[in-house]
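Enquirer: Shown below is the structure under consideration.
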Amino acid sequence: MTSEIAIWRDGGVQVLRLARPEKKNALTGAMYRALCDAIEAADADNSIAAHIITGSGGVFTAGNDIADFLATSKGTGDLSKDVVRFIRLLPVVKKPLIAAVDGNAIGIGTTMLFHCDLVYAAPDAMFATPFLDLGVTPEAASSLLICLLY
């Protein structure tokens, strides 16, 4: 686990709060692992009925931590296994997945919302998918999913 994901239960609901506001909740490999571990454990727990993912500090998430991406590209890190695990988990979560979005939801922050059963968005929520601007391919079928919405 990591201190950058606060995890608690409120009755039959597991709450997963991205808790890295000083970096706008940018996701690291450790954060992906913690999210996956918590979701998988709660999916197997009959006392949990739903998952809620939320941000902190007025931001849902700025997306992936660029430092982790750079380390992976230089061969000094391995973010890919954690990201792939999370992306493969999203469409098969057994229990309702709810997101509460306040502020920015960038990149994977927007993509994961396409896999949620319900998304609550604050009036100031902003969604962006800067994949093309960054020269990367959109993940988790987000290009297809957004087309299906319209």
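Enquirer: Looking only at the range 8-45, how many residues end up being closer than 29 Å to Ala71 by Cα and open to solvent by 60 Å² or more (accessible area, probe 1.4 Å)?
Expert: 8
Enquirer: Could you say whether any residue in the range 71-88 is among the aromatic types (Phe, Trp, Tyr), under 16 Å from the mean Cα position of the chain (by Cα) and modelled with pLDDT under 95?
Expert: Checked the range 71-88: at least one residue is among the aromatic types (Phe, Trp, Tyr), under 16 Å from the mean Cα position of the chain (by Cα) and modelled with pLDDT under 95.
Enquirer: When the range 90-112 is examined, which residues are found to be in a helix (DSSP H, G or I) and open to solvent by less than 20 Å² (accessible area, probe 1.4 Å)?
Expert: Correct list: Leu90, Ile108, Gly109, Thr110, Thr111, Met112.
Enquirer: Filter the range 4-37 for residues that are assigned to a helix (DSSP H, G or I) and touching a Phe, Trp or Tyr at 6+ places or on another chain (Cβ under 7 Å); which is farthest from Val92 (Cα to Cα)?
Expert: For the range 4-37, the residue satisfying everything is Tyr32.
Enquirer: Would you be able to tell me the number of residues in the range 46-65 that are crowded, with 18+ Cβ neighbours inside 10 Å, assigned to a strand (DSSP E or B) and of a type in the set (A, V, I, L, M)?
Expert: Matching residues across the range 46-65 total 3.
The values are calculated or read from the model by the stated rules, or taken from the named source; none is laboratory data. These numbers were taken from a predicted model, which means no experiment stands behind them. Neighbour counts run over all protein chains shown; Cβ positions are idealised from the backbone, glycine included. These accessible areas exclude ligands, DNA and RNA; they are computed on the full protein's heavy atoms, side chains included. Shrake-Rupley method; radii C 1.70, N 1.55, O 1.52, S 1.80 Å.
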